[in-house]
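Q: One structure is given below, represented as structure tokens, and several questions about it will come after.
The values are calculated or read from the model by the stated rules, or taken from the named source; none is laboratory data. Since this is a predicted model, take the numbers as computed values, not measurements. Backbone-built Cβ (ideal geometry, glycine too); neighbour counts: all protein chains shown. When the accessible area is computed, the model is the full protein with side chains, heavy atoms only, and any ligands, DNA or RNA have been set aside. Shrake-Rupley method; radii C 1.70, N 1.55, O 1.52, S 1.80 Å.
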Amino acid sequence: MALALKLLKQLRGPSTTTSTILYRNLRPRFSNLRSTIRLFSDAPLSEPLTIPPHQKPHSPSPSSLNQYELAKFAAIAETWWDSEGPFKPLHQLNPTRLAFIRSTLCRHFGRDPLSPRPFEGLKFVDVGCGGGIVSEPLARLGATVTGVDAVEKNIKIARLHADLDPLTSTIEYCCTTAEKLVEEQKNFDAVFALEVIEHVADPAEFCKSLAALTVPGGATVISTINRSMRAYATAIVAAEYLLHWLPKGTHQWSSFLTPEELALILERASISVQEMAGFVYNPLTGRWSLSDDVNVNFIAYATKIQTAN
């Protein structure tokens, strides 16, 4: 237990004050993400940054699907809306994710953040929507939401739950992939992939699909876990094996991306990262908050680069 408490303190990260700048605005600091620089540290790189290959426990596929990961989530699909079940950490994290989304996208689209439905008239897609725990609040904020997931059980659960509320019954749930939506020439004002990219077989190809789904000048929001030693200690050792917040084997440390790698992958897909923030957990209150500490959980808001005709 002492070890678990120590790891939780690590998860909390360095203390911050209310004056802490929560969001990192990348545009003025990094004019060319293709150069070999560190985005979040002044320490020089000894060699060019390379994106590590990701393990694929299945035969090659034309999509970014990882069948092993799909099977894991299909096994616990019925628990999506159990706030004390395997997805409890996501339920706890959700208000903080949505606070970041509301803030950044209201500025991006010029909407009033105090409006009860600031995203009225905008089309959003939630890729890897699971049971719909992000799709539903986005719909309540006024957006026309499409939720897609490759696990059919997830989609069934999402539809059943959404139908309980008239405000969310309009969500269009589809058992499909981002790649198939691209083939169907679908476009959205904003594309979301929250806690998804660490579970796909090919992050680069996945980001290309997200870019293709985003209209020029639109927004893309991705959240994931950093490939750091602190993330290994907290998100895997503590969360899965000591505290049992998540089923064992939920995450593979080698599948995580650093913020630098994610920004480079997105840049190559014509998506420019504008802001990043970290999520830190307070074990005393049981709540998450936004921070400039991106060592474990982090979220990125990016925009689709508009090319000249």
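Q: May I ask you to list the residues in the stretch 269-302 that are open to solvent by 20 Å² or more (accessible area, probe 1.4 Å) and of a type in the set (S, T, N, Q)?
A: The answer is Ser270, Ser272, Asn282, Thr285, Ser289, Asn295.
Q: Only one of (1) in a strand (DSSP E or B); (2) surrounded by fewer than 20 Cβ atoms within 10 Å (Cβ to Cβ); (3) touching a residue at least 60 places away in the same chain (Cβ under 8 Å); (4) within 20 Å of the chain's Cα centre (by Cα) fails for Pro216. Which number is that?
A: (4)
Q: Read through the list (1) among the acidic types (Asp, Glu); (2) closer than 19 Å to Ala269 by Cβ; (3) modelled with pLDDT of 95 or more, then give the number of the only condition that Asp165 fails.
A: Unmet condition: (2).
Q: Another question, if that's okay. I'd like the full set of residues that are in a loop (DSSP other than H, G, I, E, B) and closer than 22 Å to Thr176 by Cβ, limited to the stretch 64-107.
A: Within the stretch 64-107, Ser64, Leu65, Asn66, Ala75, Ile76, Trp80, Trp81, Phe87 qualify.
Q: State which residue is least open to solvent (accessible area, probe 1.4 Å) when the search covers only the stretch 70-85 and only residues that are within 16 Å of Gly128 (Cβ to Cβ) and touching a residue at least 24 places away in the same chain (Cβ under 8 Å).
A: Ala77
Q: Just need a number here: residues in the stretch 159-202 that are more than 29 Å from Pro216 (Cβ to Cβ) and among the hydrophobic types (A, V, I, L, M, F, W, C).
A: Qualifying residue count, the stretch 159-202: 4.
Q: A further question follows. Which members of the stretch 152-164 meet the condition of being open to solvent by less than 10 Å² (accessible area, probe 1.4 Å) and hydrophobic (A, V, I, L, M, F, W, C)? It would help to see each step written out before you state the result.
A: Looking only at the stretch 152-164, we keep the residues that are open to solvent by less than 10 Å² (accessible area, probe 1.4 Å), and these are 154-155, 158, 162.
Answer for the stretch 152-164, where residues must be open to solvent by less than 10 Å² (accessible area, probe 1.4 Å) and hydrophobic (A, V, I, L, M, F, W, C): Ile155, Ala158, Ala162.
Q: Take the conditions touching a helix residue (DSSP H, G or I) at 6+ places or on another chain (Cβ under 9 Å) and open to solvent by less than 50 Å² (accessible area, probe 1.4 Å) and apply them to Leu167. Does it pass?
A: no
Q: Given the criterion free of Cβ contacts under 8 Å to residues at least 40 places away in the same chain, open to solvent by 40 Å² or more (accessible area, probe 1.4 Å) and not in a strand (DSSP E or B), identify the matching residue among Lys186, Lys248.
A: Lys248
Q: Inside the stretch 136-151, can you point out the residues that are part of a helix (DSSP H, G or I) and open to solvent by less than 10 Å² (accessible area, probe 1.4 Å)? Even if it seems obvious, please write down each step before you answer.
A: Filtering the stretch 136-151 down to residues part of a helix (DSSP H, G or I) leaves 136-140.
Passing the criteria: Glu136, Leu138, Ala139.
Q: If you don't mind, there's one more thing I want to ask. For Ile133, work out the one condition from (1) assigned to a helix (DSSP H, G or I); (2) touching a residue at least 24 places away in the same chain (Cβ under 8 Å); (3) among the hydrophobic types (A, V, I, L, M, F, W, C); (4) surrounded by fewer than 24 Cβ atoms within 10 Å (Cβ to Cβ) it doesn't fulfil.
A: For Ile133, the failing item is (1).
Q: When you check Val221 against the structure, is it touching a strand residue (DSSP E or B) at 6+ places or on another chain (Cβ under 6 Å), surrounded by 22 or more Cβ atoms within 10 Å (Cβ to Cβ) and modelled with pLDDT of 95 or more, yes or no? If you could, list the steps in order and put the result at the bottom.
A: Numbers: touching a strand residue (DSSP E or B) at 6+ places or on another chain (Cβ under 6 Å): yes; surrounded by 22 or more Cβ atoms within 10 Å (Cβ to Cβ): yes; modelled with pLDDT of 95 or more: yes.
So Val221 fits the description; yes.
Q: Return the total of residues in the stretch 224-238 being part of a strand (DSSP E or B) and at pLDDT 95 or above.
A: So the count comes out to 1.
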